[in-house]
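Beneath this line is the structure, given in structure tokens, with notes to follow.
The values are calculated or read from the model by the stated rules, or taken from the named source; none is laboratory data. Not measured: the values here are computed from a predicted model. Counting neighbours? That spans all protein chains shown, and the Cβs are built from the backbone with ideal geometry, glycine included. All accessible areas refer to the heavy atoms of the entire protein, side chains included, with ligands and DNA or RNA removed. Shrake-Rupley method; radii C 1.70, N 1.55, O 1.52, S 1.80 Å.
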Amino acid sequence: MAQMRASYACDPAKSRGRHHPQPESAMRSAFQRDRDRIIHSSAFRRLKEKTQVFVAHEGDAYRTRLTHSLEVAQIARTLARALNVDEDLAEASALAHDLGHPPFGHSGEDALSESMTDFGGFDHNAQTLRVVTKLETRYPEFEGLNLAWETLEGVVKHNGPLMRAGDDPKVLPWGFRAYPGWKALELHTHAGVEGQIAALSDDIAYNNHDIDDGLRSGILKIEQLMDLPLVGQVFRRCRERYPDISENILIHEAVREMIGLMVADVLEESRRRLEESGADSPDAVRALDQPVVAFSDGMTESLAAVRRFLYANMYLHYKVKRMKEKGKMVVRDLFSAFLSDPMLLPTELQREASGAGAEATARVVCDYIAGMTDRYAIEEHRKLFHVEGWG
């Protein structure tokens, strides 16, 4: 039986369209088509070798940007189905949300941002827009993936509105302003329900799976979690319910239960907000002064405590921090070398660059580095800076 679409859901048949008009597919909706374009993109495949928390080559069991994005998409589909909105749009927004991330996670982003200070800066969310509207070169008729307006909106407004009505556009990172159609994306409003779902699904995924990876790496211990709100309660319940299970199964069961509790919390809070808002269309949702997809106040407080714990005990752990600093060093060194001598770039990129130190060269270098996987960046650094890289 077909799912009844809520009045506030985005309807692919009523999409605002694509920057470059194209005939619709006879077999797929506009949002299904976008999902498929994202999955088949080069940038999506490269996420398999990009850091989530642990550098991608440190172990096969840890999450990468790719596995994280797939987990976010799975949660987004669940939420979208329960709220009677478009699952395909929520999934597409979730799958695309990290396409602009450089190698080495947030440390790589910090290094690129510092390197680009004099050239318009770097923002991974803006870089995602740049990837899907320009850098992916797969089609003869246009640059980028030519995604539907609603999918672009979900990607761009991943963390809410980017500006207030009347703001100077200079408040936006350069990557947003570089897109010719940025004004049409209505950056002063919230995303539709599906885009908001993708954002909350990201929070659910990384909070739980960072705990999972931290425990499996040995950096975190279960006993450290027992005083955390929600997390400690779930682990205690699982121990009491299954006293003889292994630690490996205990971790999986507890993380599974926490995800379920967070999803249930989002659904309850979001249904309440949607009902109280009276929003009866996607545009009515966008015009509201607060998001309609959200955690309850109690869950928000619990997650804030979890994030503080993870920062203190995992993200700043010396083993993680050492790898982050190495990643920063690799990015800074590569940027400096390529900017000072563009002839070190691959031949096809040399044609796009300008002279040494020029802004155009900096943008080419930034795009090149941002698209690298951890492994590729390390190999490029080895070739440029280590004697054993000769040849």
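So in the range 310-355, with the set limited to residues that are hydroxyl-bearing (Ser, Thr, Tyr) and either within 28 Å of the chain's Cα centre (by Cα) or assigned to a loop (DSSP other than H, G, I, E, B) (or both), which one is surrounded by the most Cβ atoms within 10 Å (Cβ to Cβ)? Only one residue tops the list, namely 315.
Yes/no matrix, rows are residues, columns are (1) at pLDDT below 95; (2) out of contact with any Phe, Trp or Tyr (no Cβ under 6 Å at 6 or more places or on another chain):
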residue	(1), (2)
187	yes, yes
194	no, yes
200	no, yes
204	no, yes
210	yes, yes
213	yes, no
218	yes, yes
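Residue-wise test of (1) within 25 Å of residue 70 (Cβ to Cβ); (2) out of contact with any Asp or Glu (no Cβ under 7 Å at 6 or more places or on another chain).
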{"site": "156", "(1), (2)": "yes, yes"}
{"site": "169", "(1), (2)": "no, yes"}
{"site": "185", "(1), (2)": "no, no"}
{"site": "200", "(1), (2)": "yes, yes"}
{"site": "220", "(1), (2)": "yes, yes"}
{"site": "230", "(1), (2)": "yes, yes"}
{"site": "238", "(1), (2)": "yes, no"}
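I'm checking my understanding of the structure. Among residues of the range 114-156 that are charged (D, E, K, R), touching a residue at least 40 places away in the same chain (Cβ under 8 Å) and assigned to a loop (DSSP other than H, G, I, E, B), which one is least open to solvent (accessible area, probe 1.4 Å)? Step by step, filter the range 114-156, then rank; the result is 136. Scanning the range 235-261 for residues that are open to solvent by 20 Å² or more (accessible area, probe 1.4 Å), assigned to a helix (DSSP H, G or I) and of a type in the set (A, V, I, L, M, F, W, C) gives 249, 259, 261. Residue pairs whose Cβ atoms lie under 9 Å apart, separated by 6 or more positions or on different chains, with the first residue in the range 252-270 and within 24 Å of residue 62 (Cβ to Cβ) and the second basic (Lys, Arg) and open to solvent by 20 Å² or more (accessible area, probe 1.4 Å), are 253/241; 254/237; 254/239; 257/237.
Residues in the range 3-60 that are under 22 Å from residue 195 (Cβ atoms), at pLDDT below 90 and surrounded by fewer than 21 Cβ atoms within 10 Å (Cβ to Cβ): 3, 4. Give all pairs with beta carbons closer than 8 Å in which a residue from the range 334-355 that is touching a residue at least 24 places away in the same chain (Cβ under 8 Å) meets a residue that is open to solvent by 70 Å² or more (accessible area, probe 1.4 Å) and not aliphatic (A, V, I, L, M); count only pairs at least 6 apart in sequence or on separate chains. If the second residue must be open to solvent by 70 Å² or more (accessible area, probe 1.4 Å) and not aliphatic (A, V, I, L, M), the pairs left are 337/385. Taking the criterion of being touching a helix residue (DSSP H, G or I) at 6+ places or on another chain (Cβ under 7 Å) and either open to solvent by 50 Å² or more (accessible area, probe 1.4 Å) or under 21 Å from residue 71 (Cα atoms) (or both), the residues of the range 262-306 that qualify are 262, 263, 265, 266, 267, 293, 294, 295, 299, 303, 306.
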